[in-house]
Structures are given as C-alpha cells and as structure tokens.
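The values are calculated or read from the model by the stated rules, or taken from the named source; none is laboratory data. Here the structure is a predicted model, which means the values were calculated and not measured. FYI the Cβ positions are ideal-geometry reconstructions off the backbone, even for glycines, and counts take in every protein chain you see. Just so you know, the surface numbers come from the protein's heavy atoms only, side chains and all, with ligands and any DNA or RNA stripped out. Shrake-Rupley method; radii C 1.70, N 1.55, O 1.52, S 1.80 Å.
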Amino acid sequence: MNKNYEKFAAVYDAIMDDSLYDKWTDFSLRHFPTDKKKLLELACGTGIQSVRFAKAGFDVTGLDLSEDMLEIARKRAKAVSEAIEFKQGNMLDLSQAGKYDLVTCYSDSICYMADEVEVGDVFKQVYDCLNEDGVFIFDVHSTYQTDTVFPGYSYHENAEKFAMVWDTYADEAPHSVVHELTFFLQDEDGRFTRYDEVHEERTYEVLTYDILLEQAGFKSFKLYADFEDKKPRKKSNRWFFVCQK
C-alpha cells in the first residue's frame, strides 16, 4: 500500500468532524428495527462508522471502492478487536455482496453517482441484497445545500504535517457541485508534496428519490433532515431516507 495514501486517509479522517459518526450511529439506532443485526455499510471508507456499528452490537460488513481505504479500515477494526469483514466492491453491483437485514450509505455517498440512472441502479442493488422487511438508510445533500450553501464555499487548514485548500463551485447539471481539494503532505525528508483531487457531487429533488425508490421496489420510506427525526425544512442541509423493503 502506498505510504502516501495512508497519510492521505489520515488527513481525511483529521478534517472529518468526528462527532458526525456519533450522530449517524444514533440516527441509525433510532430507526433500525430492534431485532435485526446483519448490516452492510456501503462506502465505508476507513471504517470509522463500521467500528461504531460493531461496538453497538451489529454484525457488520463494510464495502468500499478503495482498497487503500479498506486496508486502513481493517487495521482500525483489528486495533479495537472488532470482527468486521471489509470487501472491495462497487455499490452499482452488489450481486456478490450477500444478504442483509440492514444497509446504510452515509456521508452523502449516493451524491457521487453520475446521474439518476446510477442512483436508481444503487437502490435496486440494495433492494436485492436486503432480506424481507429489511431497512435501507441513506443521506444526501439537500438541494438547498448544493444550490445555496456550497457554491463559493472555501475552507483552508494549516496543520503541522499537512495543509489543505478546499473550494466548491456550482457545476453544470442541476443541483450539482464540484469540490476542488489540494493537499500538501509532508514527506519523510520534511518536504511537502502536492496532491489534487476533484470530487463531483449531485443531488435531486425529493420527488426524484421517491420515484427511484419506488421503481426499485421499496414499499415505503420516511424522510428526515440533519440527523433529527423531523421533516426537512427549506434550509435543511442533509436529507435522510429510511426505506423499507
């Protein structure tokens, strides 16, 4: 594994607000049926949320596109003696993923899908790998977040071992944005190396998600916002969907 990548992931974890994982965990625990334990976490990244779920008593499998991220996730789970299976895979094809009672996809990972066709494909894949009466929970950016909050957003961080510049712009498609991230990571010899990343995200009106979930076969869903059990308001940033197979 690329040593720089390990540093890179460490930087990601450092800039991520740790309290969010507690919020995702609490939200999940409020909305999971109490008798279901077999859980698939999509886009699990470096495994922070997977470990939270394992500690809460779930039988967790984590899936992510990045083998580098999963390497870190495996080390993290091992360090706290949690038995979590981490699989490299794409949520657009869960045919080999197994069957689960619960599936989560947090941290607006659905927004990284290219278009609504792909979003619909993910919903269908999740539906097929859920057991009867299974529950799927995911969060996405609200259209308010992509249209009003994000464009022009700029964040800079200077730490001892790294520096980071993060700028966000509106993109061409409706409710879509581009995040441009530049990292400067310190090498062993003390010099800094620059890394550039571009992240494109897109969200949709609630009605679009509604139709796609229905087409995938889900019998119902409840909509909440910003980690609370309340309906979204005009200025809610993050929508949560709790869907029932």
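What to note about this one:
Condition check ((1) open to solvent by 70 Å² or more (accessible area, probe 1.4 Å); (2) more than 30 Å from residue 31 (Cβ to Cβ); (3) touching a residue at least 60 places away in the same chain (Cβ under 8 Å)) across all residues:
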| position | (1), (2), (3) |
| --- | --- |
| 190 | no, yes, no |
| 206 | no, no, no |
| 227 | no, no, yes |
| 244 | no, no, yes |
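- Filter result for residue 108 (open to solvent by 60 Å² or more (accessible area, probe 1.4 Å), touching a residue at least 40 places away in the same chain (Cβ under 8 Å) and on the phi > 0 side of the Ramachandran plot): no
- Within segment 63-84, being under 24 Å from residue 129 (Cα atoms), open to solvent by 30 Å² or more (accessible area, probe 1.4 Å) and assigned to a helix (DSSP H, G or I) holds for 67, 69, 74.
- Among the candidates 133, 128, 139, 101, residue that is touching a Leu at 6+ places or on another chain (Cβ under 8 Å) and in a strand (DSSP E or B): 101
- Top-ranked residue in segment 53-73 [being modelled with pLDDT of 95 or more and charged (D, E, K, R); ranked as farthest from residue 37 (Cα to Cα)]: 64
- Among the residues making up segment 139-178, those that are open to solvent by less than 70 Å² (accessible area, probe 1.4 Å) and modelled with pLDDT under 95 are 157, 159, 162, 163, 164, 165, 166.
- Test: residue 217 is exposed (fewer than 12 other Cβ atoms within 10 Å of the Cβ) and not basic (Lys, Arg): no
- Scope segment 109-132; condition touching an Asp or Glu at 6+ places or on another chain (Cβ under 7 Å) and under 12 Å from residue 42 (Cβ atoms); matching residues: 112, 125
Residue-wise test of (1) under 25 Å from residue 121 (Cβ atoms); (2) buried (at least 16 other Cβ atoms within 10 Å of the Cβ); (3) touching a residue at least 12 places away in the same chain (Cβ under 8 Å); (4) of a type in the set (Val, Ile, Thr).
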| position | (1), (2), (3), (4) |
| --- | --- |
| 24 | yes, yes, yes, no |
| 35 | no, no, no, no |
| 48 | no, yes, yes, yes |
| 57 | no, no, yes, no |
| 61 | yes, yes, yes, yes |
| 96 | yes, no, no, no |
